[in-house]
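A short worksheet on the structure shown next.
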Amino acid sequence: MTSARPALPAFLKPHRIASVHPYLAAAACLGLIHAQETTRPAAPDGTVALDTLTVSAARDAEDKIIDYNNESPSVATKTSTPLLETPQSISVITRDQLDIRNAQGIAEALRYTAGTSTETYGQDPRGYDWVNIRGFDAFNNRYLDGLRLLNYEFPQAFGLERVEVMKGPSSVLYGQSNAGGVINGVSKRPTETAFGEVGAEVGTPAYYEGNLDVGGPLTKDGSVLYRLTGQFKDNQEDSEGYPIDVRSYYLAPAITWKISEDTKIDFLTAYYYGRSTQTPSYAPAPDGSPTDVKAFGYKKWDYELNDILRLGYALEHRVNPDLVLRQNLRGSQYNVEDKYVNSMGYSSGTILDRTASTWNSDSLAFTVDNQIEYKIEGGRVDQTLLGGFDYSWSAADTVYLEDAVPSIDTANPDYTLPIPRPATLQSDSYQKVTQYGIYAQDQIKLDSKWIATLSGRYDWTRNLVKERTGGGSKDSQVDEAFTSRVGFTYLADNGLAPYASYSTSFYPNTGTDKNGSTFDPTEGQQYELGVKYAPKGFRGGATLSVYDLTQDNVLTTDPSNTAFSQASGEWRSRGIELEGNAAITDNIDLLLNGTLGDVEITSSEDGDEGNSPALTPEKSASAWLNYTFRDGTLKGLTLGGGVRYVGSSYSSNANTDKNSDYTVMDLAVRYVSGPWTYALNVNNVFDTVEWINTDYQYNRTAGNSVNLSVAYHW
């Protein structure tokens, strides 16, 4: 748990909001289960070798495909367990999928992922990742290379090899987290093969980008490798043509030192600087209908500065063929300055009252994860044992000021009204959060068929808050929790892998009740049944899962004293998900996703019991198809296209107003000719734009954009 911005408008704060629940006819996935090709070769010792990321002008179809037999997402078990053998629903978005869809952030990367609701508040040119998983906010559940990120610390998609999503409670490996699941980005690493790429991109309405990705050996013996990734972005209009000013710089040097055949360390660093106007949002009319009057995002006043530095390493030492020690460590520094105008409601007629705020925060964070993995092989039973201890702390100094500013007439808005800088200090606080956790996991495989995954973890957390205004105050909250996961998988000869699992989570609730006592943490538990499909020789895989997920101790109003809260609420999320991808032929690859679900507030004192949480579409579905010409005149040309459907949702937990459903089509063209790659991406081809009502103001979904890029590889 890290510090959040206490003064941001509610629509910009992390909420426990339910995720999209897409549906997709199971018959649509039947075509996935017939494509067959040879499997990737095994390493000499019999283990399956993971792909080494290389950059070249030509891309194989396999780069777009998630091979369930060989893909081993680290987010699932922290070991090299194939996706097929993991008793939980996992999604992986590869580098090539990010490229073909031109994903600019994590939220865009997950647009075609089952069980996720992305861009919850509409488009956000600043790059924040508003994502819900299975009905629960994932803002505090974001990781980079297996280590937690600060609340507002977001990774750049260009700097990632892939994105991994584990759905359902995940505290058993990662500690405090909301019940929906976790998102893990995997950084680009140095490669043994020298390569280089430099590119440029322009887009509508006014987008410009330059990027660089180079690497290879630094020494003749290949013991030291390097990689340098960089990106510059400049965006002057959002997709609806409204003026914005977003500019960012990103640089990520990485060094790999192979100390010996058994010891390797990756030094991973990154620096990001971004300056942007706030995301435009719009005031409702007195009757609640949307207007074009800006409630948030004045270019001459609202802006945000982000300055992020990350330094860390990933160390691995193989003691013997069966025993491996690992340590992942990272320190972060994050400084942010915010200025924004808030709408405070109508005082009379069309006169909208406003305040101006500044929010400045300087944060430091440190996290380390120590692991020991031991394999026992021989006879009928194989085991992979994992033990670990992790520690993290984060500290933030935050100053918040706010004052009233001139009101605006929404019938005749005047954006030239002066907005003085606020001078009234509302809060000057210091927050420090620490967490210790120990965990153990045993993966047992019997007769190469039956797999049991048993995991347990114990956490201790402390949240210290010092408020320096109003005479000062100091609050300290200590929580501890045990979490677990139990899963079983059966590997059938025909490629089917039915599984069942039970997992739990916890996340501290901050604050105190009417008696001054701290709240119990939220507790999540999930039952999941599913079946995965990936026969030998099948390039791809599919997952069909059914889940029942509950989060208890959600904060709700105390009926005996409505000025306080009590931890007695409950949310329940149930659904069915389908996710599959396959290389249908050497030319065609297909991705299908969807979820049909129901998220309900099952216990509450806020008058919303039985309702659906705000901004939670009941259903959604997506599909993406690529066709690559591998010979003839059009060799090197890839045509791609996708369709995304997002169902309707309510604007608030009261379920009074609904946001409309919508369907969006995206297109992609990529042509590789020698060292050159040319790409055209058209997002939201038909410019389908909907208002998103957040109960007190409106945002827009992302409209049509056209981006053209060129890259030179060597």
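What to note about this one:
- Per-pair calculated FRET efficiency, R0 = 56 Å: Ala654 and Tyr430 via Cβ, rounded to 0.05: 0.95
- Within the straight-line cut-off of under 20 Å between alpha carbons, the lysines reachable from Lys619 are Lys167, Lys658, sequence neighbours fewer than 8 places apart in one chain being disregarded.
- Residues in the range 548-562 that a label on Ala500 would reach, taking backbone N under 15 Å of a point 7 Å out along Cα→Cβ: 548
- Nitroxide proxy distance, nm - points 7 Å out along Cα→Cβ at Lys536 and Lys635: 3.4
- Only lysines eight or more places from Lys339 in sequence, or on another chain, were considered; those with a Cα closer than 28 Å are Lys13, Lys233, Lys294, Lys299, Lys300, Lys432, Lys466, Lys474.
- Dipole of the range 10-713 [Lys/Arg +1, Asp/Glu -1 at C-beta], most positive-end residue of Val368, Ser394, Tyr458: Val368
- Label-point separation, Asp606 to Asp221 (7 Å along Cα→Cβ), nm: 6.2
- Among the listed pairs Lys264/Lys445; Lys78/Lys532; Lys449/Lys532; Lys449/Lys536, a Cα-Cα separation exceeding 18 Å is found for Lys264/Lys445; Lys78/Lys532.
- For the Cα trace of the range 59-160, dividing Rg by the Kirkwood Rh returns an Rg/Rh value of 0.95.
- Cut-off 19 Å, label 7 Å out along Cα→Cβ of Leu228, residues of the range 238-275 by amide N: 249-257, 267-273
- Toward the positive end of the charge dipole of the chain, with +1 on the Cβ of Lys and Arg and -1 on the Cβ of Asp and Glu, the farthest Cα among Tyr334, Leu83, Leu634 is that of Leu634.
- Approximating the spin labels as points 7 Å out from Cα along Cα→Cβ, the Glu337-to-Ile438 distance works out to 4.6 nm.
- Aspartates and glutamates with Cα under 20 Å of Lys220, excluding same-chain neighbours fewer than 8 positions away: Glu192, Glu261, Asp262, Asp266
- Taken as Cα centroids, the range 170-239 and the range 551-615 sit 31 Å apart, rounded to the nearest whole angstrom.
- Given charges at beta-carbon only (K, R positive; D, E negative), |dipole| of the range 10-713 in Debye: 1200
- If the chain linking Asp322 and Tyr391 were pulled fully straight, counting 0.36 nm for each residue of separation and taking away their Cα-Cα distance, it would gain 22.3 nm.
- Asn587-Val706 FRET efficiency (beta carbon distance; Förster radius 22 Å; 0.05 resolution): 0.30
- The chain: calculated mean residue ellipticity at 222 nm from DSSP helix runs of at least 4, using -39500 (n - 2.57): -500 deg cm²/dmol
- Under 5 Å, built H, 5+ apart or other chain: amide partners of Ile244: Glu237, Asp238
- Placing unit charges on each Cβ (+1 for Lys and Arg, -1 for Asp and Glu) gives the range 99-242 a dipole about its Cα centre, and among Pro169, Trp130, Tyr242 the Cα reaching farthest toward its positive end belongs to Pro169.
- The alpha carbon convex hull volume per residue for the range 10-713 rounds to 150 Å³.
- The range 460-507 and the range 347-407 have Cα centres lying 14 Å from one another.
Read-outs: derived from the displayed coordinates by stated rules, not from any lab. None of these values were measured; they are calculated from a predicted model. Quick reminder, even Gly has a Cβ in these numbers, built from the backbone with ideal geometry, and neighbours come from all protein chains shown.
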